[in-house]
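J.: Before we start, here is the structure in question, set down as structure tokens.
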């Protein structure tokens with residue numbers, strides 16, 4: 001994998017200057033390669049038509065291309081059936097479909113669901129909102145000092161509360177921890193619970209195989225895997241999706257509408273009411289192709305090297321507590337930290353002056369921050385197109401921050 | 001250095017040594033504001049005399065250099081002002097005090113103490 005040639009495929013990095021862009025906010029959204037931009041542009045220029053409707057050649061071609069991406073996604077995450085792939089607007093929408101549907105159809109007063117303390121708000125707030133209506137309980141799996149799931153307590157909570165559903169993130173968007181999802185699914189199934197996996201932070205960094213993980217539902221976003229915003233995927237086991245009620249009602253998701261009653265279309269249409277984001281689906285297909293051509297194993301290898309380098313370099317900055325696993329193994333290249341006496345927002349603004357883009361705040365994980373006794377942190381999230389030179393710039397700029405604030 | 005720089009020495013000095021920082025007992029008015037971006041919280045307290053003039057102001061909480069320095073400057077400005085004036089003052093006053101160019105992403109940090117003031121006296125007509 002040649003970083004230089006790969007980097008050259010991302011137009012945003014072409015801008016030169018005294019302080020070129022060092023982009024470390026990849027956990028929020030990744031930059032887009034030319035292949036994705038071109039595919040979407042070409043679709044609008046030459047192939048644009050409504051899908052699933054028109055009987056003319058242009059519409060049929062658009063539909064075929066749109067539906068071919070479903071097969072592409074199915075192969076990419078190794079799903080069993082193409083109708084197990086639902087296009088949504090992103091991870092948040094995918095999780096909302098599952099959670100609100102499960103709550104409506106299966107959860108009753110006194111039931112339990114189990115999530116972890118490191119979940120993104122997208123895996124917490126939908127459960128909380130549903131729990132207000134259906135009066136079920138939400139329990140939290142605690143973390144170890146290193147920021148990993150405390151698997152022994154997880155086992156105990158499964159036995160104690162017999163949760164109907166478990167929600168867990170594949171990779172933490174703050175700590176970078178890769179969770180043992182396969183083991184957690186195995187244990188949950190043994191205890192009679194179904195599992196929803198948030199793969200937003202893993203999908204662009206490691207091979208994700210839904211059959212190997214064994215999970216019941218899995219959600220991810222296009223824009224965190226070099227694709228466009230506004231498109232995401234919900235995977236669900238066919239027999240479970242069939243039992244799940246639809247969430248968006250309207251065009252395309254119906255079988256028959258009469259004055260008194262509507263029957264719904266089969267999968268996947270049942271969950272895809274309204275005109276879908278066709279160009280974004282095409283863009284997602286191009287992003288998956290980009291990942292496959294580059295090779296997720298290659299990407300993982302390169303990112304592991306970067307993570308090990310960043311971990312060593314950041315540990316060398318004085319007064320910088322770093323959260324998450326101590327070793328670069330079983331870890332995505334996501335690093336959250338603070339600097340003693342300097343607010344994360346000030347750090348982010350001062351780094352921006354050096355052309356370095358990081359995130360400051362609670363990263364939609366307030367419960368995790370509270371458990372770390374923090375209001376906020378700085379997050380540098382890397383991916384394969386980052387370089388060791390950029391990490392050096394980050395570390396140098398961080399070292400200068402304290403001096404700037406305290407003189 | 002740019003004299004309108006948000007990290008100029010004058011502002012950093014306010015951050016290192018904030019004025020009116022602390023908690024008072026028995027305030028006449030009290031309110032809290034939260035910055036949803038980072039969870040920073042600020043508590044604003046006023047002691048007002050019978051004539052409706054602010055005699056003492058205290059603010060407390062955690063915050064970045066911008067929120068602490070601007071709260072410090074803004075609470076200094078409040079002392080001696082009438083409650084009537086505080087009911088109408090707009091966020092532009094803080095910008096005037098800070099004399100700083102600031103982007104939309106960090107603006108909520110700078111205006112946090114004004115949000116607390118708005119919560120203290122909700123529904124008032126304010127200048128912008």
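Only the coordinates and a few stated rules stand behind these numbers; no lab work does. Since this is a predicted model, take the numbers as computed values, not measurements. Backbone-built Cβ (ideal geometry, glycine too); neighbour counts: all protein chains shown.
J.: Only one of B:79, B:23, B:83 is farther than 27 Å from residue A:400 by Cβ and crowded, with 17+ Cβ neighbours inside 10 Å; which?
T.: Working: B:79 fails: crowded, with 17+ Cβ neighbours inside 10 Å; B:23 fails: crowded, with 17+ Cβ neighbours inside 10 Å.
The conditions single out B:83.
J.: Name every residue in the range A:46-80 that is within 22 Å of the chain's Cα centre (by Cα) and surrounded by fewer than 17 Cβ atoms within 10 Å (Cβ to Cβ), in order of residue number.
T.: Those that are within 22 Å of the chain's Cα centre (by Cα) and surrounded by fewer than 17 Cβ atoms within 10 Å (Cβ to Cβ): A:71, A:75, A:78, A:80.
J.: While we're looking at this one, here's another question. Using beta carbons and a limit of 6 Å, which pairs, at least six apart or on different chains, have the first residue in the range A:377-390 and free of Cβ contacts under 8 Å to residues at least 12 places away in the same chain and the second one assigned to a loop (DSSP other than H, G, I, E, B)?
T.: Within 6 Å, no pair qualifies.
J.: Being out of contact with any helix residue (DSSP H, G or I) (no Cβ under 8 Å at 6 or more places or on another chain), more than 22 Å from residue A:379 (Cβ to Cβ), surrounded by fewer than 21 Cβ atoms within 10 Å (Cβ to Cβ) and within 14 Å of chain A (Cβ to nearest Cβ) is true for just one of B:41, B:101, B:50, B:96. Which residue is that?
T.: None of the others qualify; the one that does is B:101.
J.: Only one residue in B:82, B:67, B:71 is free of Cβ contacts under 8 Å to residues at least 60 places away in the same chain and within 11 Å of another protein chain (Cβ to nearest Cβ). Which one?
T.: None of the other options fit; the residue is B:67.
J.: For the range B:74-101, which positions are in a loop (DSSP other than H, G, I, E, B) and closer than 17 Å to residue B:42 by Cβ? Walk me through it before giving the result.
T.: Quick first cut of the range B:74-101, residues in a loop (DSSP other than H, G, I, E, B) only: B:79-81, B:89-91, B:99-101.
Within the range B:74-101, B:89, B:91 meet the criteria.
J.: Let me ask another. Can you spot a residue in the range A:355-377 that is more than 14 Å from chain B (Cβ to nearest Cβ) and in contact with a strand residue (DSSP E or B) (Cβ under 7 Å, 6 or more places away or on another chain)?
T.: Yes, some residue in the range A:355-377 is more than 14 Å from chain B (Cβ to nearest Cβ) and in contact with a strand residue (DSSP E or B) (Cβ under 7 Å, 6 or more places away or on another chain).
J.: Further, regarding this structure: Looking only at the range A:316-340, count every residue that is on the phi > 0 side of the Ramachandran plot and touching a helix residue (DSSP H, G or I) at 6+ places or on another chain (Cβ under 7 Å) and tell me the total.
T.: Start the filter on the range A:316-340 by keeping residues that are on the phi > 0 side of the Ramachandran plot, which leaves A:319, A:324, A:330.
With the extra rule that they be touching a helix residue (DSSP H, G or I) at 6+ places or on another chain (Cβ under 7 Å), the set shrinks to A:319.
Summing the residues that are on the phi > 0 side of the Ramachandran plot and touching a helix residue (DSSP H, G or I) at 6+ places or on another chain (Cβ under 7 Å) in the range A:316-340 gives 1.
J.: Follow-up. Take residue A:103 and tell me if it is touching a residue at least 24 places away in the same chain (Cβ under 8 Å), part of a helix (DSSP H, G or I), in contact with a helix residue (DSSP H, G or I) (Cβ under 9 Å, 6 or more places away or on another chain) and surrounded by 14 or more Cβ atoms within 10 Å (Cβ to Cβ).
T.: Judged against the criteria, residue A:103 is a match.
J.: Please give the helices (runs of 4 or more DSSP H) falling wholly within the range A:221-320 in which 3 or more residues are surrounded by 20 or more Cβ atoms within 10 Å (Cβ to Cβ).
T.: Working: elements: A:238-243, A:278-294, A:296-315.
Filter on the range A:221-320 gives A:278-294, A:296-315.
J.: Of the conditions (1) touching a residue at least 24 places away in the same chain (Cβ under 8 Å); (2) touching a helix residue (DSSP H, G or I) at 6+ places or on another chain (Cβ under 9 Å); (3) part of a loop (DSSP other than H, G, I, E, B); (4) surrounded by 14 or more Cβ atoms within 10 Å (Cβ to Cβ), residue A:37 fails just one. Which one is it?
T.: (3)
J.: Only one of (1) more than 26 Å from residue A:333 (Cβ to Cβ); (2) more than 18 Å from the chain's Cα centre (by Cα); (3) outside any helix (DSSP H, G or I) fails for residue A:19. Which number is that?
T.: Only one criterion in (1) more than 26 Å from residue A:333 (Cβ to Cβ); (2) more than 18 Å from the chain's Cα centre (by Cα); (3) outside any helix (DSSP H, G or I) is unmet by residue A:19, namely (1).
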